[in-house]
Amino acid sequence: MRNVALITRRELRGYFATPLAYIFIVIFLVLAGALTFFVGGLLQRGQADLQPFFTFHPWLYLFLVPALSMRLWAEERRTGTIELFLTLPITMAEAVVAKFLAAWIFTAIALALTFPLWITVNVLGNPDNGVILASYVGSLLMAGAFLAVGSMISATTKNQVIAFVVTTAVLFVFALAGSNVVLEAFRGWAPAVVVDIVSGFGFLTHFQAIARGVIDLRDAIFFGSTIVVALFANALIVDLEKAD
């Protein structure tokens, strides 16, 4: 854990050493605020909750998380610093986990900076803060799953643009996997068990379940297992590239 902590701090400092971190945070906050107030109509609804705010999180992450994850390994491979990085006295698992944690902590910081919205609804009314807290936890878990998938895809290419496009496409499929639009395409010909499996992979479905205020163990396991499987695949891909 000491090695993971050291590398995580190193990677996290790297984010704030460039304008990328501040640009990402500003874009996230501006888009989140604009969508919440102007599209979601937070004030016009007359309800003290943050449902309009969390509704747009999957779509915000769909574009902003790939922009963050695309550089995790693709940049290392492009510049050739991956060989130098992996010569450090660390294991492959520690390197993969540390890079992921740095990106996840950075995303958590951006998410935490939306706290004025939480204060706003408490000033204007009497919201169910338990539901809001559960929604924040669900949002962070979903962001972690998105990042893990993005990190895995980033490890497969040296081109950040390709990593961004492929990650966005893959996450879009996963996000809508549990929606009726996708499920109806399967119900006509696929067995019920296949439809259930496809439905179970829907990021949006699991997040909405948590956003209702109940952190179901199944939803937490889904996001946790997605992170673990994606990072395991990430380590295998980097290890194969290292062997080559």
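State which residue is surrounded by the fewest Cβ atoms within 10 Å (Cβ to Cβ) when the search covers only the range 112-140 and only residues that are free of Cβ contacts under 8 Å to residues at least 60 places away in the same chain and farther than 22 Å from G41 by Cβ. By that ranking, first place goes to A112. Close contacts from the range 162-181, counting a first residue that is closer than 15 Å to G200 by Cα and a second that is outside any helix (DSSP H, G or I) and among the aromatic types (F, W, Y), with Cβ to Cβ under 8 Å and a gap of 6+ residues or different chains, come to F174/F201; A177/F201; G178/F201. Of the residues making up the range 122-159, those that are more than 16 Å from the chain's Cα centre (by Cα), at pLDDT 90 or above and farther than 21 Å from D216 by Cβ number 1.
Among residues of the range 193-207 being over 15 Å from L171 (Cα atoms) and touching a helix residue (DSSP H, G or I) at 6+ places or on another chain (Cβ under 9 Å), the one that is surrounded by the most Cβ atoms within 10 Å (Cβ to Cβ) is V195. Only a single criterion out of (1) assigned to a helix (DSSP H, G or I); (2) crowded, with 18+ Cβ neighbours inside 10 Å; (3) among the small types (G, A, S) is not satisfied by A220, namely (2). When you check I210 against the structure, is it surrounded by fewer than 13 Cβ atoms within 10 Å (Cβ to Cβ) and under 20 Å from the mean Cα position of the chain (by Cα), yes or no? Taking the combined requirement at face value, the residue does not satisfy it.
Checking the condition over 20 Å from V170 (Cβ atoms) and of a type in the set (A, V, I, L, M, F, W, C), which residue from A185, A190 passes?
Details: A185 fails: over 20 Å from V170 (Cβ atoms).
A190 is the lone residue from the list that is over 20 Å from V170 (Cβ atoms) and of a type in the set (A, V, I, L, M, F, W, C).
For the range 171-187, a tally of residues being within 20 Å of T55 (Cα to Cα) and in a helix (DSSP H, G or I) returns 9. Exactly one residue out of L101, L68, L6, L42 is more than 30 Å from L176 (Cα to Cα) and not small (G, A, S), and it is L6.
Taking the range 8-34 as the range and being modelled with pLDDT under 90 and aliphatic (A, V, I, L, M) as the test, the residues that pass are L12, A17, L20, A21, I23.
A search for C-beta distances below 8 Å between a residue of the range 196-218 that is within 14 Å of L141 (Cα to Cα) and any residue that is of a type in the set (D, E) and assigned to a helix (DSSP H, G or I), counting only pairs 6+ apart in sequence or on different chains, returns H206/D219; F207/D219; A209/D219; I210/D219.
Conditions tested, residue by residue: (1) at pLDDT below 85; (2) of a type in the set (S, T, Y).
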| site | (1), (2) |
| --- | --- |
| S179 | yes, yes |
| A190 | yes, no |
| V194 | yes, no |
| I197 | yes, no |
| A220 | no, no |
| S225 | no, yes |
| A233 | no, no |
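Within the option set V166, V173, being surrounded by fewer than 18 Cβ atoms within 10 Å (Cβ to Cβ) and of a type in the set (V, I, T) holds for one residue only, V173.
The values are calculated or read from the model by the stated rules, or taken from the named source; none is laboratory data. Here the structure is a predicted model, which is why all the values come from computation and not from measurement. Neighbour counts run over all protein chains shown; Cβ positions are idealised from the backbone, glycine included.
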